[in-house]
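What follows is a short report on a single structure.
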Amino acid sequence: MKTIIILADGAADEPIAQLGNKTPLQAAKKPYIDMLAAKGKSGELDTIPAGFKPGSEIANLSVLGYDVPKVFEGRGSLEAASMGVDILPGEMAMRCNLICIEDGKIKNHSAGHISSEEAAELIQFLDSKLNDGKVSFYPGVSYRHLLKLKGGNKNLDCTPPHDVTGTPFSEVLIKAETSEARESADYLNEIILKSQELLKDHPVNLKRISEGKDPANSIWPWSPGYRPQMQTLQELYGIKSGSVISAVDLIMGIGVYAGLKLIHVKGATGLYDTNYEGKAQAAIDALKNDDFVYLHIEASDEAGHEGDYALKTKTIEYLDNRVVKTIYEATKDWDEPITIAILPDHPTPCALKTHTNKPIPFLIYRSDEAGDAVQVYDEFESPKGAYGLIRGNEFMKTLFGKI
Ligand SMILES: [Zn+2]
């Protein structure tokens, strides 16, 4: 049996008046996805455990069959794995944004979507000035970087910067949740202030300002954690060999801990202009050798964050005729049976421009098994399917016949 999960990030939504009170999944023309729903079985999946925010890291860990409260150690430590940075025992990792502060307020969480090249120069500069053997910095993609703190205590109340644009930064500095964490909180807040001194006159920022762009004039560390203790998918579900295909460091990092091979596809952007054909072909090639492929496509989430329902509908149509169709047609005559699962990780409703924690619709098509009565794939029909409502790691158990 070959198994592929096609993860359409943030694809679920709410009915939208301009789409005739349909969701983008209902409005999109998606004959192949609907055919798989008709031939397969459907259900809905609750991906966000109680007490967690509906982040992609939480939702994708759930979909991949992890017990999130047990294994979650923050975004930084997951992204570190994709960046090739090891988190050692005794070290704490944090996502470290480069942000723009104006008049003491957080203007944006991305320093105006700074380029990776400019950001790398700034992060290396900060590391040369602030690395005292305790703290260290590693450059990532655009505004997303990594900070490691030796001896750091993760019991910190940190604010994701994208949640507090317009807020004075001094009101949302890091707070200790326990007395043992106070030293870490004080140290990190001091580093934030020092970064502001160091970055304000840096040539990269002076050039950005002269070009009318936002300067990257502060770091913003958040989502602290230690080295995750995650079993591989081989250990958990008996998957002999698997691969992950994504444009996003976070998903690739989860793949590293899950024991999956990372496949980088040229032109995979994480946006609607991504190389759909290249990703579909990479998935087909991987399935020839591997038992399992996790194919993650970010575009529908980004369209949701932009509140662009027309673009979101189009990303679902692209998914149907440039990914699902290609994979189905290429594998349908293989000797070995194939299972294709399609689902998002969480909804990203266009009206809210952010994630929600509602259960998401899923379908599982097995070439050697009859389907249920559900004929199309969307937020209203899929929940009526044979699987009903399942939670967290029950999805992988269902997919691999463990329950
Ligand atoms: Zn997501």
Worksheet item: Among Phe52, Phe137, which comes first, then next, by fewest other beta-carbon atoms within 10 Å?
Response: Phe52, Phe137
Fill in: GNM top mover of Arg182, Arg322, Arg144 - the chain, alpha-carbon springs below 10 Å
Arg182
Practice prompt. First select every other residue whose beta carbon is under 11 angstrom from the beta carbon of Thr331; then total the charges, Lys and Arg +1, Asp and Glu -1.
Written response: -1
Fill in: Computed label-point distance, nm, for sites Glu329 and Leu262 using a 7 Å Cα→Cβ extension
3.2
Discussion item. Quick check for me: using +1 on Lys/Arg Cβ and -1 on Asp/Glu Cβ, what's the dipole size of region 1-127 about its Cα centre, in debye to the nearest 20?
Written reply: 800
Worksheet item: So which residue, out of Phe72, Phe169, Phe362, gets the largest mean-square fluctuation from a GNM of the chain using Cα contacts under 10 Å as springs?
Response: Phe169
Worksheet item: Considering only DSSP beta bridges with both partners in the chain, what is the antiparallel share in %, to the nearest 5?
Response: 60
Fill in: Intensity falloff of region 81-225 expressed as log10 I(q)/I(0), Debye formula with alpha-carbon point scatterers, at q = 0.11, 0.16, 0.20, 0.22 Å⁻¹
-0.37, -0.79, -1.25, -1.49
Practice prompt. Quickly work out the Asp67-to-Lys384 label distance, labels modelled 7 Å from Cα along the C-beta direction, and quote it in nm with one decimal.
Written response: 3.6
Worksheet entry | Principal axis dimensions, the chain - Cα atoms, whole angstrom, descending | 64, 46, 37
Practice prompt. Please compute the net charge surrounding Thr159, taking Lys and Arg as +1 and Asp and Glu as -1 over other residues with Cβ under 11 Å from its Cβ.
Written response: -2
Worksheet, complete the sentence: Listed with the fewest Cβ neighbours within 10 Å leading, Lys261, Lys30, Lys22 appear as Lys261, Lys22, Lys30
Item to complete: Take His296, His264 and order them by how many other Cβ atoms sit within 10 Å, fewest up front.
Response: His264, His296
Fill in: Computed helical MRE - 222 nm, the chain, DSSP H runs ≥ 4 contributing -39500 (n - 2.57), nearest 500
-9500 deg cm²/dmol
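Between Glu171 and Glu277, what's the calculated FRET efficiency when r is the beta-carbon distance and R0 is 45 Å? Round to 0.05.
Step by step, r from the Cβ atoms, then E = 0.45.
A short reminder: the numbers here are calculations on the coordinates, not readings from a lab. Every value quoted in this text rests on a predicted model; they were computed, and no experiment measured them. Note that we place each Cβ from the backbone using ideal geometry, even for glycine, and neighbour counts take in every protein chain shown.
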